[in-house]
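The values are calculated or read from the model by the stated rules, or taken from the named source; none is laboratory data. Remember, predicted model here, so these are calculated numbers, not experimental data. Because the Cβ atoms are built from the backbone with ideal geometry, glycine has one as well, and the counts that use them run over all protein chains shown.
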Amino acid sequence: MFVTLPEFEYHRPQTVSAALDLLDQYGGGATVMAGGTDLLVDMRYRIRVPEHVIDLKGIEELGKLTFQPGEGLVIGATVTLNRLLEYDAVQSRFGALHDALEDMCDDQVRNRATLAGNLCTASPAADCAPPLLVFDAKVEVASPAGRRMVDLPDLFTGVKETSLGTDEMVTAVHVPEPPPDVQSRYLKGKRSSEDCAIVGVAALVARWDDPRDRVVRLAYSSVAPTPVRVYDVERIFRQDKPWGDLVEEAVSAALNRVSPISDVRSSKEYRVHLIDVLTRLALRELLGGRR
């Protein structure tokens with residue numbers, strides 16, 4: 001490991017337009033930094049060696065965190081994980097996201113790390129991605145040409161790869177307000193308290209009593225090159241069948257959708273086992289004694 005960071009020019013713009021001007025000027029030689037908890041490690045290892053680092057922390061607009069009934073949650077790109085973890089609306093309405101935040105890293109890192117940064121790193125093991133996938137989140141992307149909304153699944157294109165252009169940056173994450181009776185969880189298999197997920201599963205359930213209107217969603221981390229939402233599950237749970245049969249079909253659908261590998265944290269076979277176990281456990285916790 002290198003002792004020092006590589007040489008780079010540091011920029012701290014005060015507005016989004018100023019940050020975009022820098023991205024437009026320096027192109028692929030520049031990178032934006034929200035929290036820097038992934039970027040600085042990559043730079044120290046020379047995995048990424050940008051000539052220009054554009055620090056977004058000085059942009060007031062990007063620090064906004066709001067929840068509006070009927071609309072949902074808006075999380076600015078520089079909002080830290082700890083600030084989000086302590087936000088009342090996240091605790092009361094977005095349980096799976098709160099679970100993921102609570103289980104990530106430690107207080108010191110969460111005081112710096114950001115949700116937008118966790119998504120833009122595009123790690124297959126990103127803890128915040130599965131909860132945001134089941135909540136139908138979108139990212140707001142800005143460029144010199146204007147702003148656009150991107151469905152979260154379309155942000156991820158491969159291992160640590162996104163669909164963002166060199167002149168684009170994420171300015172906010174938008175999470176729609178969930179149904180009033182929603183329940184959700186994020187469960188994570190890991191080796192130690194601060195480890196990346198061996199497998200992570202986010203589950204969401206709402207409007208359970210009427211099969212035609214039932215909402216059940218599942219999404220996973222560390223099971224494919226990108227975080228995965230298993231859309232087939234949503235059709236399966238709209239069938240009027242016994243609870244146990246639906247869970248069996250859902251587990252099979254999840255296993256057919258993913259492509260786990262063996263790596264330093266786990267074997268492929270153990271990941272397959274955890275997908276089965278954690279899916280059943282998450283659904284059991286959310287559905288309680290219902291059959």
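Just one of the listed residues (Ala125, Ala100) is farther than 22 Å from Ala18 by Cβ and crowded, with 24+ Cβ neighbours inside 10 Å, and it is Ala100.
Identify all residues within region 128-152 that are within 25 Å of Val182 (Cβ to Cβ), surrounded by fewer than 24 Cβ atoms within 10 Å (Cβ to Cβ) and more than 10 Å from the chain's Cα centre (by Cα); write none if there are none. Across region 128-152, the qualifying residues are Asp136, Lys138, Glu140, Met149, Val150, Asp151.
Condition test on Gly63, is it in contact with a Lys or Arg (Cβ under 6 Å, 6 or more places away or on another chain), among the small types (Gly, Ala, Ser) and either closer than 30 Å to Val182 by Cα or at pLDDT 95 or above (or both)? No; evaluated as a whole, the condition is false for this residue.
Looking for something out of contact with any strand residue (DSSP E or B) (no Cβ under 7 Å at 6 or more places or on another chain), farther than 26 Å from Leu20 by Cβ and not aromatic (Phe, Trp, Tyr) - is there at least one such residue anywhere in region 128-145? No: region 128-145 contains no residue that is out of contact with any strand residue (DSSP E or B) (no Cβ under 7 Å at 6 or more places or on another chain), farther than 26 Å from Leu20 by Cβ and not aromatic (Phe, Trp, Tyr). Being of a type in the set (Gly, Ala, Ser), touching a Pro at 6+ places or on another chain (Cβ under 9 Å) and within 30 Å of Gly29 (Cα to Cα) holds for only one residue in Ala206, Ala172, Ala137, and it is Ala137.
Counting only helices (runs of 4 or more DSSP H) that sit completely within region 175-291, those holding 3 or more residues that are at pLDDT below 95 and touching a strand residue (DSSP E or B) at 6+ places or on another chain (Cβ under 8 Å) correspond to 268-287. Whenever a residue of region 55-77 is assigned by TED's automatic domain parsing to the domain that holds Ala137, its partners that are aromatic (Phe, Trp, Tyr) and crowded, with 16+ Cβ neighbours inside 10 Å, lying with C-beta atoms within less than 8 angstrom and at least six residues away or across chains, give the pairs Leu65/Tyr87; Phe67/Tyr87; Leu73/Phe67; Leu73/Phe94; Val74/Phe67.
Residues in region 206-228 that are of a type outside the set (Ser, Thr, Tyr) and either within 17 Å of Lys268 (Cβ to Cβ) or surrounded by 24 or more Cβ atoms within 10 Å (Cβ to Cβ) (or both): Leu218, Ala219, Val223, Ala224, Pro225, Pro227, Val228.
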